[in-house]
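Working notes, beginning with the structure itself.
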Amino acid sequence: MPPASPEQTRTAPGSAASLKVANKRRVLSLLLDRGAEPATQADIARETGLAAGTVSTIVRELAAAAVVTTVAGSGRRGTSVRLARGAGLVAGVDFGHSHVSVAIAEVSGEVLGEQRRSLPPGHGHVEGLGRAHEMLDSLLTELGAQGSDLRNIGMGLPAPISDGVVMSSAILPGWVGVNAQVAAREALGAEVLIENDANLGALAEHRHGHGRGHANVVFVKVSSGVGAGLILDGKLFRGTSGTSGEIGHLTLDDQGPLCRCGSRGCLEAYAATGTALEMMSDQMPDADVDAIIEAAKQGNVSALRVFEDAGLHLGWGLATVTNLLNPGVILVGGDMSHAGELLLESARLGLRRHVLAGTTTTPVLVAALGDRASMIGALVLAIDATDLLAA
């Protein structure tokens, strides 16, 4: 048998070269988990199980490649290490029913700049992506960076998505049937990863919010629609075709109000912002949800009833999810979550009425990252897809 070629030797599993690459990835994975928080070389050796000398060599090589930056400490092992801006930048784009937000961050996760602008309800994908492109260029200019500095872009949409295609016309009618991944790559001029916005919220809360330390997390975004992102056994669960978590269309009453999906009595028809605005339309015809929340805090009994009713129905929906998945924590985000305990107190009551006895204590909390959860999730998505060894 002829001897292995140099290329085969470099890439063969178990070879010295492949072991070195694997060790570098272990170090980078640790630094990614740390984000902007530095780790000493002693920390890295302890948490990865690598020898101190191996860690020192890896850090030196990564620093030479501008992937990490170091700050001298007490002795060589006390040198602190963090991901460097030289490793590249990522961007996040978060679309809503009538807005788009764009952020740029280092691969460490440290956000360097962020913008949010309004969009007309029912906007088309060309208009939306064009606005996002303008905002992205503006942020890059402010940072003295270029489009070529972007490693990846994560993008969230409030719709079920299968293989990059927007599947529902309920919230973004101008996007339905569009391969958003292809369209975004062409419009933004970079690699773009597409995900449902509730999934991104779950990813962000699991990594950086109240979901940390929990293997099973349910993040529910209650805004113009109601959707859930599911973390199961520590990983984002998308379902067979990528459309899991559409709990807004759980049927609570098949004789109930007509939902925009065409069914009746869906959770979304009781708990979303449109219902709150409709219930208060006579008393507060020009109000937004935050104005209704303020009225409730001031004791307006009708506004209080809005959130009590929405919370009870939300709790019934959460009970179904809890009976199926038994999550460690349920986190509520979106516009309706601004009501805080005005919404969640009755949501917990609704949940307790309909879950098995062993799960009545499942925590239901306002998401730690607030309205930025989906945006932070978009950045996490982009960072996770970045191969730092290719920097």
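The values are calculated or read from the model by the stated rules, or taken from the named source; none is laboratory data. Just so we're clear, the structure is a prediction, and the values are computed from it rather than from any experiment. Neighbour counts run over all protein chains shown; Cβ positions are idealised from the backbone, glycine included.
Some points to look at:
- Filter result (under 28 Å from R26 (Cβ atoms) and in a helix (DSSP H, G or I)) within segment 347-391: I376, G377, A378, L379, V380, L381, A382, I383, D384, L388, L389, A390
- The single condition among (1) crowded, with 24+ Cβ neighbours inside 10 Å; (2) part of a strand (DSSP E or B) that A202 does not meet is (2).
- Segment 351-377 - residue that is crowded, with 22+ Cβ neighbours inside 10 Å and within 21 Å of R305 (Cα to Cα) and, of those, nearest to the chain's Cα centre (by Cα): V364
- For M135: the one exception among (1) of a type in the set (A, V, I, L, M); (2) farther than 30 Å from T240 by Cβ; (3) surrounded by 24 or more Cβ atoms within 10 Å (Cβ to Cβ): (3)
- Residue match in segment 68-79 (condition: of a type in the set (G, A, S), surrounded by fewer than 19 Cβ atoms within 10 Å (Cβ to Cβ) and in a helix (DSSP H, G or I)): no
- In the set L30, L62, only one residue is modelled with pLDDT of 90 or more and either closer than 27 Å to V111 by Cα or among the polar types (S, T, N, Q) (or both); that residue is L62.
- Cβ pairs under 6 Å, 6+ apart, first in segment 81-102 and at negative phi, second charged (D, E, K, R) and crowded, with 24+ Cβ neighbours inside 10 Å: S101/D94
- When we screen G189, G130, G113 for residues that are at pLDDT below 95 and small (G, A, S), the only hit is G189.
- Any hit, segment 220-233, residues being more than 17 Å from G333 (Cα to Cα) and touching a residue at least 24 places away in the same chain (Cβ under 8 Å): yes
- Residues satisfying the stated conditions in segment 144-159, i.e. free of Cβ contacts under 8 Å to residues at least 60 places away in the same chain, within 16 Å of V107 (Cα to Cα) and surrounded by 14 or more Cβ atoms within 10 Å (Cβ to Cβ): A145, G147
- Filter result for V332 (crowded, with 21+ Cβ neighbours inside 10 Å, at pLDDT 95 or above and among the hydrophobic types (A, V, I, L, M, F, W, C)): yes
- Filtering A51, A45, A64 for residues that are among the small types (G, A, S), surrounded by fewer than 18 Cβ atoms within 10 Å (Cβ to Cβ) and farther than 28 Å from G147 by Cα leaves a single hit, A51.
- Residue list for segment 278-302, restricted to those being over 15 Å from G340 (Cα atoms) and among the β-branched types (V, I, T): V301
- Residue within segment 335-356 that is small (G, A, S), assigned by TED's automatic domain parsing to the domain that holds K221 and at pLDDT below 95 present: no
- Sole exception among (1) touching a helix residue (DSSP H, G or I) at 6+ places or on another chain (Cβ under 6 Å); (2) modelled with pLDDT under 95 for G262, by number: (1)
- The condition (being in contact with a Gly (Cβ under 7 Å, 6 or more places away or on another chain), in a loop (DSSP other than H, G, I, E, B) and crowded, with 21+ Cβ neighbours inside 10 Å) is satisfied by just one residue among I171, I194: I171.
- Residues located in segment 47-58, provided they are more than 16 Å from L19 (Cβ to Cβ) and within 30 Å of the chain's Cα centre (by Cα): E47
- Residue that is surrounded by the fewest Cβ atoms within 10 Å (Cβ to Cβ) [pool: residues in segment 174-191 that are β-branched (V, I, T) and in a loop (DSSP other than H, G, I, E, B)]: V176
- Test: residue in segment 235-245 that is among the aromatic types (F, W, Y), part of a strand (DSSP E or B) and either in contact with a helix residue (DSSP H, G or I) (Cβ under 6 Å, 6 or more places away or on another chain) or within 17 Å of N326 (Cα to Cα) (or both): yes
- Verdict on L200 being in contact with an Asp or Glu (Cβ under 8 Å, 6 or more places away or on another chain), of a type in the set (A, V, I, L, M) and touching a residue at least 12 places away in the same chain (Cβ under 8 Å): yes
- Those residues of segment 313-346 which are outside any helix (DSSP H, G or I) and under 22 Å from T275 (Cα atoms), in sequence order: L331, V332, G333, G334, G340
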